[in-house]
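Undergrad: Here it is, the structure, as structure tokens.
The values are calculated or read from the model by the stated rules, or taken from the named source; none is laboratory data. Not measured: the values here are computed from a predicted model. Glycine also receives a Cβ, built like all others from the backbone with ideal geometry; neighbour counts cover every protein chain displayed. Protein only, heavy atoms only, side chains kept; ligands, DNA and RNA dropped before computing areas. Shrake-Rupley method; radii C 1.70, N 1.55, O 1.52, S 1.80 Å.
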Amino acid sequence: MQLRLDKYLADLSVDTRSKVKLLIRKGRVRVNNEIAKKPETKIDTETDTVTVDGRKLVYHPFEYYMLNKPAGVLSAARDKKQPTVLDLIESDRKDLFPVGRLDKDTVGLLLICNDGQLSHHLLSPSHHVDKTYEVRLDGMLTEDDIAALEAGVDIGDDEITLPASVEAVYEDLSHVNITIHEGRFHQVKRMFLTRGKTVTFLKRLSMGSLVLDPALSEGEYRPLTEAEIQQLSAFGGTK
Ligand code: URA
């Protein structure tokens, strides 16, 4: 694949697109051992050797983005009628997809990537990857509600939900964080409904080791850092 040098460096999370231009200008980037002078230099990802401060970069064919999903957007690859999360991501890659689904009205952390193996491992029911959500409700939870949600509730599936944890970290018990270890359809909303409470706001804060970056406003995204990719890879990605 042919890529501009500044995009190549930004894709590998060396730094932001504007900051890598500075690196290039300072002569810290070499392509095939020659100091690169222009951000628009074309790189062949298969054959060119790129170094930054003498450190050789290895191009990987995967892209990973953290999106703060806004409400009103589908967590699907493409849809003819409605906007999807992929419409928000500017990338030349055609093989990106959202890892799992958030409801149309749910906001917050969504991983978008093209690493099928990582996605499979994060979503596999047997891996029980933790997912934490901030939840607002139309009424106050009682201590009994919290105990029931934590023990597991019958949401109408074959099995009751796995033990969860509810954290009362906000002003009152109509607003809590819940951590679940499964990803059943509308799971959080259905869990609270068993206690007679309707979810009025739902935001995913984390998934496994990946935590929503508070600097991202709804609709914004950024590439994962190398450290975030490495940590997620511990779940079985291919990188
Ligand atoms: N649980 C839900 O009910 N909806 C979501 O979008 C995610 C988890």
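Undergrad: For residue 235, only one of the following conditions fails: (1) more than 16 Å from the ligand (Cβ to nearest atom); (2) at pLDDT 95 or above. What is its number?
TA: (2)
Undergrad: In addition: Step by step: first the residues of region 121-141, then only those that are out of contact with any strand residue (DSSP E or B) (no Cβ under 8 Å at 6 or more places or on another chain) and touching a residue at least 40 places away in the same chain (Cβ under 8 Å), then the one that is farthest from residue 72 (Cα to Cα). Which residue is that?
TA: Of all residues in region 121-141, those out of contact with any strand residue (DSSP E or B) (no Cβ under 8 Å at 6 or more places or on another chain) come to 121, 123-128, 139-140.
Retained after the next criterion (residues that are touching a residue at least 40 places away in the same chain (Cβ under 8 Å)): 121, 123, 125, 127-128, 139.
Values: 121: 27, 123: 23, 125: 27, 127: 29, 128: 28, 139: 24 Å.
Ranking the candidates gives 127 first.
Undergrad: Within the bounds of region 9-30, is there any residue that is outside the structural domain of residue 225 (by TED's automatic domain parsing) and touching a Lys or Arg at 6+ places or on another chain (Cβ under 6 Å)? Spell out how you get there, then give the answer.
TA: Of the residues in region 9-30, the ones outside the structural domain of residue 225 (by TED's automatic domain parsing) are 9-30.
Retained after the next criterion (residues that are touching a Lys or Arg at 6+ places or on another chain (Cβ under 6 Å)): 10.
Taking every residue of region 9-30 in turn, at least one turns out to be outside the structural domain of residue 225 (by TED's automatic domain parsing) and touching a Lys or Arg at 6+ places or on another chain (Cβ under 6 Å).
Undergrad: Within region 120-143, which residues are open to solvent by 90 Å² or more (accessible area, probe 1.4 Å) and more than 16 Å from the chain's Cα centre (by Cα)?
TA: If the condition is that a residue be open to solvent by 90 Å² or more (accessible area, probe 1.4 Å) and more than 16 Å from the chain's Cα centre (by Cα), then 125, 136, 138, 140, 143 are the ones that fit.
Undergrad: Taking into account only those residues within region 103-119 that are within 16 Å of the ligand (Cβ to nearest atom) and open to solvent by 20 Å² or more (accessible area, probe 1.4 Å), which is nearest to residue 208 (Cα to Cα)?
TA: Of everything passing the filter in region 103-119, 103 is nearest to residue 208 (Cα to Cα).
Undergrad: Regarding residue 35, is this residue among the aliphatic types (A, V, I, L, M) and open to solvent by 70 Å² or more (accessible area, probe 1.4 Å)?
TA: Working: among the aliphatic types (A, V, I, L, M): yes; open to solvent by 70 Å² or more (accessible area, probe 1.4 Å): yes.
Answer is yes for this residue.
Undergrad: What tally of residues in region 180-192 results from selecting those that are in contact (Cβ under 8 Å) with a residue 24 or more places away in the chain and open to solvent by 20 Å² or more (accessible area, probe 1.4 Å)? Let's see the steps before the verdict.
TA: First, the residues of region 180-192 that are in contact (Cβ under 8 Å) with a residue 24 or more places away in the chain: 180-184, 186-192.
Of the ones still in play, those that are also open to solvent by 20 Å² or more (accessible area, probe 1.4 Å) are 181-184, 186, 189-190.
The qualifying residues number 7.
Undergrad: Can you report the number of residues in region 106-163 which are at pLDDT below 95 and on the phi > 0 side of the Ramachandran plot?
TA: The number of residues fulfilling the criteria is 1.
Undergrad: List the residue pairs whose Cβ atoms are under 8 Å apart, where the first residue sits in region 197-218 and is assigned by TED's automatic domain parsing to the domain that holds residue 85 and open to solvent by less than 30 Å² (accessible area, probe 1.4 Å), the second is within 11 Å of the ligand (Cβ to nearest atom) and of a type in the set (Gly, Ala, Ser), and the two are 6 or more positions apart or on different chains.
TA: 202/108; 204/108; 207/100; 212/108
Undergrad: Quick one: residue 225 ticks every box in (1) among the polar types (S, T, N, Q); (2) open to solvent by 50 Å² or more (accessible area, probe 1.4 Å); (3) out of contact with any Ser or Thr (no Cβ under 6 Å at 6 or more places or on another chain) bar one, so which box is it?
TA: Of everything listed in (1) among the polar types (S, T, N, Q); (2) open to solvent by 50 Å² or more (accessible area, probe 1.4 Å); (3) out of contact with any Ser or Thr (no Cβ under 6 Å at 6 or more places or on another chain), residue 225 misses just condition (3).
Undergrad: Within region 21-132, considering only strands (runs of 3 or more DSSP E) that don't extend past its boundaries, which have at least 3 residues that are under 30 Å from residue 167 (Cβ atoms)?
TA: Details: elements: 29-31, 42-44, 50-52, 64-69, 107-113.
Because the criterion is at least 3 residues that are under 30 Å from residue 167 (Cβ atoms), the strands (runs of 3 or more DSSP E) in region 21-132 that meet it are 64-69, 107-113.
Undergrad: Criterion first (within 16 Å of the chain's Cα centre (by Cα) and away from the ligand (no atom under 13 Å from the Cβ)) does residue 89 satisfy it? Can you show your working first?
TA: On the way: within 16 Å of the chain's Cα centre (by Cα): yes; away from the ligand (no atom under 13 Å from the Cβ): yes.
Yes; evaluated as a whole, the condition is true for this residue.
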